[in-house]
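To start, the structure under review is shown below, and the notes come after it.
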Amino acid sequence: MGIRRCFVWLGLSELLVVIKLGTLVSKWVFFGWIFAQDRMLLDFPLLALPALSVLLFSFPFLSSMAQSLPRDGESPAKQDATAPALRIPALITVVGVALDTYLTLIYTDPGYLPLFLIVFALFCFVLWFWQTRRKKTSVMPVDNSRRRGLIRTIPVLATALLAPTAWYLWSMQASRLPDRIPMMGDMTDSMVGNMMGQQSQQKMISVTELTGPKSGEPDQRFTLTAQETQVQLSSGAIVNAWTFNGQVPGPQLQVHQGDMVEVKLINKLSREGVTLHWHGLDVPNAEDGVAGVTQNAVQPGGSFTYRFVVKNQPGTYWYHSHQASQESVEKGLFGALIVLPQNDSFTGKDIPVIAHSWPTKKGSTQQAFDTFDTLKQLSVQPGTPVRLRLINTDSLPINFALSGTPFKVIAIDGADLNAPTELTKQRLLVAAGGRYDIQFTMPDTAVSLDWLQKSSKVSFLLSQDATASAPALADGPVFNPATYGSPLKTPLSLSSRFDKEFTLVLDDMYGFYDGNMASLWPINGKVFPNTPMLMVREGDLVKVSFVNRSWMDHPMHLHGHHMLVLSYNGWPVTGSPWWVDTLNIAPGESYEVTFRADNPGIWMDHCHNLNHAAAGMILHLGYEGVYSPFEVGSGTVNQPE
Ligand code: C2O
Ligand code: CU
């Protein structure tokens with residue numbers, strides 16, 4: 001290769017390395033060290049050091065060679081092109097870049113990363129040893145004959161093709177998850193043993209013992225029967241739905257705070273198991289309805305009864321199956337769950353609006369409010385107080401606009417906001433699985449709630465008569481709960497003394513998972529079932545920091561507890577106390593939340609983009625002294641996601 005070309009190639013690779021490191025450093029500067037840390041630790045030995053060696057050895061060597069050549073000369077002597085000063089840095093740069101690209105794109109358990117670095121270091125050393133020795137003994141004439149060249153190339157090519165193929169097939173196989181994964185994972189032996197040791201007096205409690213009241217006459221009794229039903233959307237589109245009691249959304253369960261509630265679940269589906277999870281309601285663990293964590297999925301023909309007392313949490317919730325939830329929720333196994341305060345004084349229109357994307361029989365997806373994928377209309381007299389309970393049952397955040405009237409956001413995820421003020425034209429971004437309650441007084445003109453999408457919108461028009469025309473679309477900024485309303489004197493803040501602190505870094509990668517090559521959504525570099533449990537003790541004040549380094553939103557949902565948001569991108573929350581059970585963390589965002597560990601059990605903590613949960617974005621909150629006897633996996637009846 002000519003000197004000039006050598007220069008160009010090496011220069012280009014240096015440039016790429018600088019760009020890669022530059023982006024990392026800017027992530028560090030703009031978002032924080034945590035957005036770059038482990039990648040920096042990888043890129044330094046794999047990219048920066050090799051690039052430096054090119055700068056220190058190859059470039060000076062090339063330029064001195066260029067100077068020693070006659071003016072019109074182009075090609076350096078053969079043995080010079082193989083000089084170690086040129087070759088070694090160039091080769092380790094190429095291998096470093098390849099390895100780094102692989103590790104950036106393909107999911108590798110963080111435990112293996114040091115191994116990769118050691119292998120790379122060994123490679124560099126062997127290369128150096130071999131090249132310098134070869135240089136000394138390089139008296140053999142270089143053989144240029146084509147045949148000799150071919151004979152040498154064929155085995156090299158064959159290895160280059162076969163080795164990755166073999167590695168690919170092996171990794172695919174090796175990624176298969178076991179048929180049966182005990183919920184307590186590795187904990188069953190080591191940690192549980194340990195815990196037993198520490199608390200030898202105290203016996204371990206099974207989640208199945210953490211039930212609601214076993215006896216007593218319930219205040220409210222419901223029966224929900226899961227069955228396959230063809231339902232029709234308002235446009236006429238047909239959905240082969242999985243329903244509760246033949247309707248989608250399922251029946252609205254309305255209860256009062258303090259009620260003892262009993263719900264009997266009957267499964268009449270032909271093949272899929274079902275459970276009932278009360279999304280956002282902090283029930284005793286055994287009533288939480290997660291297949292493989294708190295119970296076995298109810299099989300076709302079977303039934304299960306849930307009993308719990310509704311805590312002091314009036315507000316908007318929803319229920320859904322937590323067995324194969326990705327498919328079950330999409331197909332309709334969900335409904336609204338409304339908890340009214342004990343003395344409900346609201347006399348206006350109280351309207352739950354469930355926003356859902358329905359998979360139609362024809363294979364398309366129809367966005368709808370309940371089953372209205374065409375205009376939904378309601379006549380409301382001017383002066384009437386209206387409360388809309390927005391429920392997002394989809395896997396992506398929903399962008400709502402309320403147009404034609406000022407309004408207040410009075411509650412988020414079932415928790416009332418303190419001193420909400422009037423908003424005009426602001427848009428509302430509701431997390432997947434999240435709820436916003438908004439309130440306004442019906443004006444003389446029409447009001448419209450729209451679910452905004454790129455090319456279309458789903459609309460709900462409230463007006464005095466059916467002929468009213470829609471108001472101009474609200475086009476303000478996105479509502480920010482962090483600065484809305486007024487603070488209460490809560491004893492909890494960033495300066496509270498926390499008993500446990502966890503950081504959860506949400507990421508995206510490609511990788512082998514359960515025998516497939518797929519998009520993976522790791523938490524702290526790990527996917528379920530390798531993600532360790534967050535272990536707490538009853539009574540602990542827990543702080544969790546979420547950091548999203550990936551390119552998609554992650555609505556993180558913690559079962560059984562409500563989290564108080566403390567800060568948003570490093571800024572303390574200045575508005576009303578903002579309690580959530582499902583917090584959307586957008587790309588590049590970070591949040592700090594806190595909660596009191598006051599509901600013993602084994603609780604799911606996962607992304608409510610249910611596709612992400614199914615691709616690994618799951619972990620569990622575990623209480624010391626509590627274990628789950630259940631298992632998940634293809635060899636069991638339980639696939640919670
Ligand atoms: Cu809405 Cu783990 O669920
Ligand atoms: Cu996610």
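Can you sort LYS489, LYS27 from fewest to most other Cβ atoms within 10 Å of each residue's own Cβ?
Details: LYS489 5, LYS27 19.
The fewest-first ordering by Cβ neighbours comes to LYS489, LYS27.
What's the ranking of 209-215, 388-394 by average number of surrounding C-beta atoms within 10 Å, highest first? Intermediate values should be presented prior to the final figure.
Numbers: 209-215: 13.0, 388-394: 25.1.
Descending packing order for the listed peptides: 388-394, 209-215.
As a proxy for reagent exposure, TRP242, TRP318, TRP28 were ordered by neighbouring Cβ count within 10 angstrom, fewest first; the result is TRP28, TRP242, TRP318.
In the chain, the C-alpha radius of gyration followed by the widest Cα-Cα span (Dmax) gives 30.2, 102 angstrom.
Shown is the FRET efficiency for LEU396 and TRP33, computed with R0 = 35 Å from the Cβ-Cβ distance and rounded to the nearest 0.05: 0.75.
Here PHE125, PHE7 are placed in order of increasing Cβ neighbour count within 10 Å, fewest first, which gives PHE125, PHE7. Straight-line reach from LYS454: which lysines have Cα under 24 Å away, leaving out those fewer than 8 places along the same chain? Within reach: LYS331, LYS361, LYS362, LYS376, LYS425. Is the C-alpha gyration tensor of region 356-450 telling us rounded, prolate or oblate? Criteria: a/c under 1.5 is rounded; beyond that, a/b larger than b/c is prolate, otherwise oblate. Note, shape of region 356-450 comes out oblate. Take the alpha-carbon centre of region 538-606, take the same for region 313-343, and report the distance between them in whole Å. Result: 20 Å between the Cα centres.
Lys/Arg Cβ at +1, Asp/Glu Cβ at -1, dipole of the chain taken about the Cα centre: which of PHE120, THR424, THR104 is farthest positive-ward? It is PHE120, whose Cα lies furthest towards the positive end. In this Cβ point-charge picture (+1 for Lys and Arg, -1 for Asp and Glu), the chain has a dipole of about 2660 debye about its Cα centre.
Could you work out how much longer the chain between SER235 and ASP179 gets when fully extended? Use 0.36 nm per residue separation minus the Cα distance between them, nm to one decimal. Walk me through the intermediate numbers first.
Working: separation 56, 0.36 × 56 = 20.16 nm, distance 4.27 nm.
Gain on stretching SER235 to ASP179: 15.9 nm.
Among the lysines, which fall within straight-line cross-link reach of LYS500, defined as a Cα-Cα distance under 28 Å, with same-chain neighbours fewer than 8 residues apart omitted? Partners found: LYS27, LYS203, LYS311, LYS489, LYS526, LYS543.
Highest first, please rank the peptides 469-476, 518-525, 220-227, 605-612 by the mean number of other Cβ atoms sitting within 10 Å of their residues. Don't skip to the end; give the middle numbers.
Values: 469-476: 13.9, 518-525: 20.2, 220-227: 18.0, 605-612: 25.6.
Listed from highest to lowest mean packing, they are 605-612, 518-525, 220-227, 469-476.
Secondary structure note: in region 220-483, about 70% of the DSSP beta bridges are antiparallel.
Pop the C-beta distance of THR165 and GLN453 into the FRET formula with R0 = 35 Å and round what comes out to the nearest 0.05. Walk me through the numbers before you get to the answer.
Values: r = 42 Å, r/R0 = 1.21.
About 0.25, to the nearest 0.05.
Under the rule a/c < 1.5 gives rounded, and otherwise a/b versus b/c splits prolate from oblate, where does region 239-302 land using the Cα gyration tensor? Cα axes put region 239-302 in the oblate bin.
Any read-out appearing in this document is the output of simple, stated calculations on the displayed coordinates, not a laboratory observation. What you see is a predicted model, and the numbers here were worked out from it, not measured in a lab. All Cβ positions, glycine included, derive from the backbone under ideal geometry; neighbour counts span all protein chains shown.
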